[in-house]
Ligand code: FRU
């Protein structure tokens with residue numbers, strides 16, 4: 001066994017606070033302390049493998065563009081506070097990252113803004129442009145987020161402000177080596193929403209606010225990132241979630257472990273596994289986690305950072321766009337990840353990954369299906385889609401990324417991918433249906449899957 005970092009007794013103590021209880025059916029579950037962080041270990045990540053139930057059908061490269069002038073990627077619907085689909089005078093609303101198609105496919109990230117779409121049937125979407133004044137928004141670019149319509153008709157519009165190290169509010173842009181300076185913060189603004197014969201309108205744009213930044217303790221700051229420089233830092237993708245079982249509200253986000261984190265024995269695996277497993281030296285710089293902040297006010301402007309829900313230190317660098325599906329007291333913690341963000345010695349497909357926990361949002365999460373995969377791109381078309389988001393009823397939306405045509409050539413997508421329907425059943429999931437491109441059917445609140 002080779003370990004990059006020293007073990008500290010203090011960190012081990014964290015796990016000893018797990019109390020093992022038992023459900024009526026006799027199956028064991030773990031109830032955990034408030035500061036418990038679950039672990040996706042190298043041993044578990046070694047079990048990642050495609051199965052028929054978790055491999056997406058191949059996407060036809062003769063797809064239509066939902067908005068021909070812009071690249072479309074990460075997408076999310078407008079949801080009510082309880083998670084159900086918001087319907088405004090018969091319209092469903094979706095937001096997506098957009099950038100003009102004049103910019104190259106690979107250059108789109110630094111031009112990203114959030115565009116609005118609306119549809120009456122949930123299949124034919126009208127692109128309504130960027131609803132905010134981006135000179136007032138934080139960040140040189142705005143990355144993924146979520147959107148909630150409250151009981152007074154206000155739209156809470158959460159996004160990632162990705163800046164150039166905060167210079168002039170992030171507006172002093174310097175393209176050279178931008179990834180090393182891609183500081184990220186969680187931001188929001190608000191709108192009124194209305195609909196008429198001309199479509200859906202977001203008006204009365206509110207003040208833009210920064211609602212959370214990395215603390216350096218649980219969550220890596222840009223300066224901490226720069227000391228190792230692995231891939232890119234993460235403090236992004238705010239996802240609003242009201243827990244149906246407690247009524248408490250949270251923002252989940254993609255983070256990375258902050259100061260003093262270490263690659264602990266539990267990040268590697270159990271004792272048996274550790275006897276034979278060698279951890280490659282650079283694995284310690286792969287420090288992904290799923291962050292969480294408690295929402296302290298109704299307007300979702302005051303947040304308190306809490307310890308991460310799960311970490312993949314030593315296993316995977318990025319747990320992107322985290323979100324949840326709830327079924328009774330089963331919590332499915334979902335995230336997207338890439339082949340290239342696995343730590344050395346490990347691999348897995350670009351896909352939607354999931355961890356199941358019982359009894360509460362903070363839980364001793366274990367990979368679903370034993371593999372952790374919920375939706376994987378097929379082996380023969382490994383980058384055809386990305387940025388899957390499971391909705392509360394198991395519909396899974398995503399965008400067409402880099403599918404291969406019949407000659408094996410990459411065709412850049414940048415539009416909605418066919419929606420998938422996934423069933424969740426205890427510790428297992430299954431892709432049960434392929435729907436239309438970009439399709440979103442009405443869905444109910446979190447907690448009632450069936
Ligand atoms: C996932 C992602 C998000 C981020 C966006 C930036 O596709 O990496 O985490 O917000 O893309 O383009």
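When ranked by the protection proxy of mean other Cβ atoms within 10 Å per residue, highest first, what sequence do the peptides 56-69, 232-245 form?
On the way: 56-69: 15.3, 232-245: 22.5.
So the peptides 56-69, 232-245, ranked by packing, come out 232-245, 56-69.
Label-to-label distance, residue 412 versus residue 133, with points set 7 angstrom from Cα along the beta-carbon direction: 3.1 nm. For segment 183-318, the alpha carbon positions stretch 66, 36, 29 Å along the principal axes, listed from largest to smallest. Computed packing ranks the peptides 374-381, 155-162 as 155-162, 374-381, most packed first, by mean other Cβ atoms within 10 Å.
Put simply, the C-alpha atoms of segment 323-411 give a gyration tensor, and the ellipsoid matching it has half-axes of 27, 15, 9 Å, longest first. Distance from the alpha carbon centroid of segment 123-168 to that of segment 183-213 works out to 6 angstrom. With the biggest extent put first, the Cα atoms of segment 84-153 measure 36, 27, 18 Å across the principal axes.
What is the log10 of I(q)/I(0) for segment 45-196, computed with the Debye formula using one identical point scatterer on each Cα and no solvent, at q = 0.14, 0.15, 0.18 Å⁻¹? Here log10 of I(q) over I(0) equals -0.82, -0.91, -1.13.
Between residue 450 and residue 35, the FRET efficiency estimated from the beta carbon spacing at R0 = 45 angstrom works out to 0.85. Helix-only arithmetic for the chain: the sum of -39500 (n - 2.57) across DSSP H runs with n ≥ 4, divided by the residue total, places the mean residue ellipticity at 222 nm at -1000 deg cm²/dmol.
If you wrap a convex hull around the Cα atoms of segment 38-437, how much volume per residue is inside, in Å³?
That works out to 138 Å³ per residue.
If I model segment 121-240 as equal point scatterers sitting on the Cα atoms and use the Debye formula, what is log10 I(q)/I(0) at q = 0.11, 0.18, 0.23 Å⁻¹? Taking Cα atoms of segment 121-240 as identical point scatterers yields -0.44, -0.96, -1.32.
Values in this text are rule-based calculations from the coordinates and carry no lab data. Because the structure is predicted, anything quoted here is derived from the model rather than measured. Glycine gets a Cβ as well: all are built from the backbone with ideal geometry, and neighbour counts include every protein chain shown.
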